[in-house]
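Enquirer: One structure coming up, written as structure tokens, with questions to follow.
Laboratory data are not the source of any read-out in this text; all were calculated from the coordinates shown. This is a predicted model, so every value here is computed, not measured. Backbone-built Cβ (ideal geometry, glycine too); neighbour counts: all protein chains shown.
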Amino acid sequence: MSKYDWLLFLHVTGAFLLLGASVIAATLLFAAVRRERPSEVALFLGLIRFAVPAVGAGSLLTLVFGLWLVSAAGYDYSYGSFWVIAALVLWVLANALGKFGGDRAEATRKLAVELAGRGDAPTPELTTRLRDPRMLALNYGSGLLVLLILVDMIWKPGA
Amino acid sequence: MTASICGPGCGFPLFLHVFGAIVLVGAIATVAIVTWFSLRRPLEQARVLRRMAFTTMLAVVWPGWLAMRLAGQWVLSQDLYSGIEKSDPGWLGVGFIVGDLGVLVLLISTILAWFAYRRTRPEQPKPVTAPIFAGLTTLYLAALAVAWFAMSGKPGA
């Protein structure tokens, strides 16, 4: 395998970690939103922690090896190309949205844990927080932006 | 970087292939995590987790596999890859093995997931199908990792 092949493999591995972990987080969030008992909500939201290290590692791998690939690919790619700049902007936005959305989901999980210890009865506050459109928009929006990066990588507009 | 060597006409099938593969990997990881975790939870939570694993198999894993496999064949039908199946490169063989044997693994996994959920009862909080299902999905996740190494790095190409 050439240097380019290895760089591509590591870049794609980062993409699989980042997007695969986004699928894990989205599936668990979807399951949590459909539950009412605080202990079950806490259970699903708590499992998202297994996806977080993969999101971090994937973000780093895609960025480092993606930028390296631009110069090592041997095609006529440039750091000033639209698709490279678009990918970087989307990467920053996706991470920011994921951070804010993740913080809100974590606050909801803490409330669910607290309620689970106090009788485990559903409350309107927990339901409201779980279905908070901003929390859902931030989390699912982050996943959508990561998906847009994949679209950008496949079609490479402006390359 | 793959699109440029794939050609301008195969953007959508390639996107669908990669998207399906990523959904498949993420969903298989989800059911593995959820089912392993269910083995350490009390009965009621274990049932909730195993039901979620079963519905994820049906609603996310299978659609992901279908998109990955069908779109993969679509990519191969493009001009750039004409005759490649006859030359039988190793990286493509690995992709076919993991993809096609995946049907059998996923079929068995789905049946196991159903039994793991249905047989979780007070007298049997950890039915034997639950750890087998968790182990099988973990092994398939490892096989998918080998396939993404072969498909992206294309060793021997």
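Residue-wise test of (1) within 30 Å of B:A46 (Cα to Cα); (2) small (G, A, S).
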residue	(1), (2)
A:S2	no, yes
A:G20	yes, yes
A:A26	yes, yes
A:I48	yes, no
A:V52	yes, no
A:T62	no, no
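Enquirer: If you don't mind, another one. List the helices (runs of 4 or more DSSP H) inside the stretch A:1-116, counting only whole elements, that have at least 3 residues being without any contact (Cβ under 8 Å) to a residue 24 or more places away in the chain, under 16 Å from the mean Cα position of the chain (by Cα) and farther than 25 Å from B:A21 by Cβ.
Expert: In the stretch A:1-116, the matching helices (runs of 4 or more DSSP H) lie at A:82-116.
Enquirer: Would you pick out the residues in the stretch B:40-56 that are part of a helix (DSSP H, G or I), away from every other protein chain (no Cβ under 11 Å) and over 16 Å from B:R119 (Cβ atoms)?
Expert: none
Enquirer: Out of curiosity, is A:R129 free of Cβ contacts under 8 Å to residues at least 40 places away in the same chain, more than 14 Å from chain B (Cβ to nearest Cβ) and part of a helix (DSSP H, G or I)?
Expert: Values: free of Cβ contacts under 8 Å to residues at least 40 places away in the same chain: yes; more than 14 Å from chain B (Cβ to nearest Cβ): yes; part of a helix (DSSP H, G or I): yes.
Here the answer is yes, as A:R129 does meet what is asked.
Enquirer: Specify which of the listed residues (B:G102, B:G93) is among the small types (G, A, S), surrounded by 21 or more Cβ atoms within 10 Å (Cβ to Cβ) and closer than 23 Å to B:A67 by Cβ. Steps first, please.
Expert: Details: B:G93 fails: surrounded by 21 or more Cβ atoms within 10 Å (Cβ to Cβ).
Exactly one residue qualifies, and that residue is B:G102.
Enquirer: Also, I was wondering about something else. Which of the residues that make up the stretch B:122-157 are free of Cβ contacts under 8 Å to residues at least 40 places away in the same chain and away from chain A (no Cβ under 14 Å)?
Expert: B:E123, B:Q124, B:P127, B:V128, B:T129, B:I132, B:G135, B:L136, B:L139
Enquirer: Based on what the data block shows, is B:A29 closer than 21 Å to A:F16 by Cα, within 9 Å of chain A (Cβ to nearest Cβ) and in contact (Cβ under 8 Å) with a residue 40 or more places away in the chain?
Expert: Yes; evaluated as a whole, the condition is true for this residue.
Enquirer: Residues in the stretch B:64-79: is at least one in contact with a helix residue (DSSP H, G or I) (Cβ under 9 Å, 6 or more places away or on another chain) and assigned to a loop (DSSP other than H, G, I, E, B)?
Expert: Checking the stretch B:64-79: at least one residue is in contact with a helix residue (DSSP H, G or I) (Cβ under 9 Å, 6 or more places away or on another chain) and assigned to a loop (DSSP other than H, G, I, E, B).
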